[in-house]
Structure formats: C-alpha cells, structure tokens
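Contents: one structure, followed by commentary.
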Amino acid sequence: MARHGEHAVVIAASIAGLCAARVLSDFYDRVTVYERDDLPQEAANRPAVPQGQHLHLLLARGAEELATLFPGLLEDMVAAGVPIVENRPDCIYFGAAGHLLGTAHYLRDEFTAYMPSRPHLEWQIRRRVEAIDNIDIVRQLVAEPRYDAGLQRVTGVLLESGNDASAVPAELVVDATGRGTRLPVWLEQWGFERPREDTVDVGITYATHHIRIPDGLLKEKLVVNGASHDEPLGLGMLCYEGGAWVLTTFGTGKAEPPQNFAQMCALADKILPERLAAAIRAGEPIGDIAFHKYPTSRWRRYDKLKNFPAGILPFGDAVVSYNPTFGQGMTMSMLQAGNLRRALEKSADPARDFNRATAKITYPVWMMDAIGDLTMHGAEGHTPWWYHRVSRLFDQFLEAAESEPVLAEWFLRRFSLLDSLWMIPSPKIIARTMRHNLRCWLAERRAARLGLPPPEPASLYAVTERSRSTSP
Ligand SMILES: Cc1cc2nc3c(=O)[nH]c(=O)nc-3n(C[C@H](O)[C@H](O)[C@H](O)COP(=O)(O)OP(=O)(O)OC[C@H]3O[C@@H](n4cnc5c(N)ncnc54)[C@H](O)[C@@H]3O)c2cc1C
C-alpha cells in the first residue's frame, strides 16, 4: 500500500467518517477522527445523529461493502442478535409506489440483508475502528480546516477548546460532518467557488414509535409500504436486535404523518393488510413518539468545480444526502469508501479523482430518487419532461413485477443497490414485462367476453412460466 504521509484527520465519527478513517489507516501513519458528540461505550442514540431514533435500513449492498471494510463485522452483529432478513415472502412485506412485490410467489433466496438498529451498527463499526492501532477517535469540536493561501492547500485543522483554538497539522482532512457541512462556506472564504447544489424539496416528516409486539403475531421481519401517487403517507417497520420493533411512519410532499400511536394504527389499517395492522394494534408502545423533518435532498456538485484546494475532501452526507425513505445513505457512504481507496491508490492528492468517482456513483441513484419524488411523491424541484415518461413506464414495470417473480427479484436486487446502481431494465427484462402485461390484458379480455371474473395475474404466471427456467 502506498504511504501518503504522516497524518490524516477525519472530521466526525459517524458512519461516513468511520468508514473513511478505516481506508485512510492503510495510507497514513496516523489517523485522528475528531467528533464533537459524546460517543457512548455501548449501542445508544446520540444527539448529533437524530435519525438514529428512526427506521434505518442497511441495504444488502451496504452489508457486502461492510464485510469488505471490516471482515467479521456481520458475524459479530448476528452474534449480538441482529436479525437477518432473507429475500423471501415470509420474511418481507414490501410495497413500492403502490405495488406489492414478492408476496404472490416464491422468490429465490438469493440475498441476505442484516437489520441492525442505527445505534448498534454505528457502535459495531466504531469499536472496530477503535481497535485499529493507528487510528485515534477524540471527542473534540473542529472549528475549521486550516488553509494555507500560499500553498493553496489545507494543512490541518483548528480545534475549538473554550476560548482557545489549537492547530493540528495533517496532510489530508476529510470532511464527514454530514448534511450541515460548512465546506461550501470555507471554500468561499478561501477564494474558491461554492459548489452548485442540486436539490429536490421532498418535504418529508418522520414519526417513529418503538413498540413491543407479542410473539407469534408477525412472521415478517421487515414491513415496508412506501408512499405512492395516491397516498403521500408511508410506513416501515423492522424488528431490531433486542426484540423491539421500530415503527416509522412518514409523510412525503409536506404531508403530515400521524401524531400519536393511535393515528399510526389508523394509518396501518388503511395501507396494510388486516393481519399486519392488527399486529401493530396489539403492540405496546415504548417511550415517546419521535419526529424528524427532512425537507430537502441535496447533492453538492464538487465534481463540477474547476478549482479545488489540495489537502481536503468532502465525504458521506457532506456531499450528498438522499431521500431517507429509500434507505440508501449509509450504503452510498460505504461505496464512497471504495472510491477513496481507489483515489488514494492513484494519487497522493485524491480529491479530484474522488469527487469525480463519487459523482459517477451518485448520479444513477440520485436520478431515480428524483424521478420517483418529483413525479409521485409531491416533491418540488427541476423536473425534465422525460421524468414523467420514465415514471409511467416504471409503473407498468412494477405492475408486472407484482405477479412476475423474475421482475420482482430484479427490482428488489436493484433497490438493494446490488448488481448495478442503475435502475434501468435490460431489453430482456423489458420484453418480459411487456409479455406479462400483454398476457394479463388478453386474459382479462377473454374473461370479460365469457362473463367470468378477471383472472389473478399471479395465476397466469404460474400456468405459463413455472416449469420454465426463471432466469431472465
Ligand atoms: C431521518 C433519516 C433516516 C435515514 N434512514 C436511513 C436508512 O434507512 N438507511 C440508510 O442507509 N441511511 C439512512 N439515512 C442516512 C444516513 O443516516 C446517513 O447517510 C449516514 O449516517 C451517513 O451520514 P454521515 O456520517 O455523512 O453524517 P451524519 O450521520 O449526519 O453525522 C455527522 C457527524 O458529524 C459530526 N460533526 C459535525 N460537525 C462537527 C465538527 N465541527 N467537529 C466534529 N464533529 C462534527 C456530528 O456530531 C455527527 O456525528 C437517514 C437519514 C435521516 C435524516
């Protein structure tokens, strides 16, 4: 591994900062992570990460990336009681954009997701990072990076302690301070341009209760019913380690979510099958309801800047924060860690390569989120004409996927960011979608002619496809 210098600093010890520190430890003699928040010795919520109280989904791709960054971490989580969710209808109930996937048929058990609570996951990663010899995690607020105008580079950070500020030199500073990053302001102060910001005003509010559901009422481990064109409210619930369920409801496009447990139950009655809603109703709420507002998804386009100072790079949510209801943020931070490693392998000043590589992985995910939000979820922002066309085509795809397992699997894998970050079906998948929808349409017409009730789409798949190979 190429050695790049004596000291690297990471500002912040949340998920992104910890993943960045792990990579930097292979390239620098010492890495110091400064975090302003108290870091608990056990898995516990932190005030600076309020999202930790809400449903936090680690996508299957995120688990794969974690296993590469921290070998043995997934096994540790399972040993600590973190539930595993397999891609099977008895494990998941999954509604997306008004379509229910993966329940009308048996999906191949092809991938596994791990469901740690956010505090547990962060704690598992933190204790692994703490165990790395050349990494120190220090409780300390960073006032700002130090910029040397003569060298046109960042040369370390200034720490804030009471009225004093002390300087710490570093060859590289990684800004992982999350959505509230001040890097655009600092760039301006140092004489650089601020990055352009792409935004989608999603107007999301979360309302979450932890509940205990009596054993035996639910066979599912994950229940998700996202917002749709006709219903701005959605719901997700997971059984975390420790056996309590986190029940998160949310409103999109500025719709107000439920304000108390009774209203949450009423929403479940409306958007979930009776069996699932009854299990929630039988649940016993623990503690108080928690709310969180997420008005805007934001992508800071550092990749578009002609000039960028050496010695610093933005990382994690400080670059891009996605609509949280899609559950992508942590996984995308872990993918950025891969970009950081590749950029460091290429060059001692990785910012340019890293910013470009991060834009490349961000684009497909950002675009699909934006299409969904702007055409279906009442979000506001720049909406190219073709977004509506794509959205309509995708609706047809999801309609077919309700009763066609190969299509459902394709969607669930892509939603989990496996195989590719692009949610673009291959010609074979498109042909399969058209064939299935045509078959359903013809069967409905035939039934109408004979005065029979319309056939179940799933039964059409069963008659015509079950004996064939299910590979696309
Ligand atoms: C409501 C909500 C739900 C979400 N749900 C999911 C989900 O289901 N799945 C998923 O993958 N992602 C989800 N996300 C996104 C996910 O939380 C983030 O993508 C992920 O935590 C990476 O963020 P980060 O580490 O960059 O920043 P953050 O987690 O926001 O952490 C920023 C850190 O910076 C520290 N800090 C800030 N300034 C300073 C300073 N000057 N000095 C020292 N420390 C500083 C803070 O104390 C904090 O620890 C959700 C987000 C929200 C808001």
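Yes/no per residue for (1) loosely packed, with under 13 Cβ neighbours inside 10 Å; (2) in contact (Cβ under 8 Å) with a residue 40 or more places away in the chain; (3) small (G, A, S):
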| site | (1), (2), (3) |
| --- | --- |
| E409 | no, yes, no |
| S426 | yes, yes, yes |
| E444 | no, no, no |
| A447 | no, no, yes |
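On inspection, I132 qualifies as touching a residue at least 40 places away in the same chain (Cβ under 8 Å), among the aliphatic types (A, V, I, L, M), within 22 Å of M77 (Cα to Cα) and out of contact with any strand residue (DSSP E or B) (no Cβ under 7 Å at 6 or more places or on another chain).
Close Cβ contacts (under 6 Å, 6 or more residues apart or on different chains) running from residues in segment 329-347 that are within 16 Å of the ligand (Cβ to nearest atom) to residues that are of a type in the set (V, I, T) comprise M330/I15; S333/I15; L335/I361; Q336/T358; A337/V23; N339/T358; L340/V23. If only residues of segment 136-160 that are part of a strand (DSSP E or B) and more than 12 Å from the ligand (Cβ to nearest atom) are counted, the one that is farthest from the chain's Cα centre (by Cα) is D148. Scanning segment 160-169 turns up no residue that is of a type outside the set (S, T, N, Q) and surrounded by 19 or more Cβ atoms within 10 Å (Cβ to Cβ).
When R196 is tested against (1) buried (at least 17 other Cβ atoms within 10 Å of the Cβ); (2) closer than 25 Å to S333 by Cα; (3) more than 12 Å from the ligand (Cβ to nearest atom), only condition (1) is not met. Have a look at L172, L183 and point out the one that is in contact with a His (Cβ under 9 Å, 6 or more places away or on another chain), modelled with pLDDT of 95 or more and over 30 Å from Q396 (Cα atoms). L172 is the lone residue from the list that is in contact with a His (Cβ under 9 Å, 6 or more places away or on another chain), modelled with pLDDT of 95 or more and over 30 Å from Q396 (Cα atoms).
May I ask you to say which residue of P257, P314, P324, P295 is in contact with a Gly (Cβ under 8 Å, 6 or more places away or on another chain), surrounded by 16 or more Cβ atoms within 10 Å (Cβ to Cβ) and modelled with pLDDT of 95 or more? It is P257.
Look at segment 11-23: where a residue is in contact (Cβ under 8 Å) with a residue 12 or more places away in the chain and a partner is of a type in the set (S, T, Y) and more than 9 Å from the ligand (Cβ to nearest atom), sitting 6+ places away or on another chain with Cβ atoms under 9 Å, you get A21/T32.
For the condition in a helix (DSSP H, G or I), among the hydrophobic types (A, V, I, L, M, F, W, C), away from the ligand (no atom under 16 Å from the Cβ) and in contact (Cβ under 8 Å) with a residue 40 or more places away in the chain, A359 qualifies.
The values are calculated or read from the model by the stated rules, or taken from the named source; none is laboratory data. Computed from a predicted structure; not experimentally measured. A quick note on method: Cβ atoms are made from the backbone with ideal geometry, for glycine too, and the neighbour counts reach across all protein chains shown.
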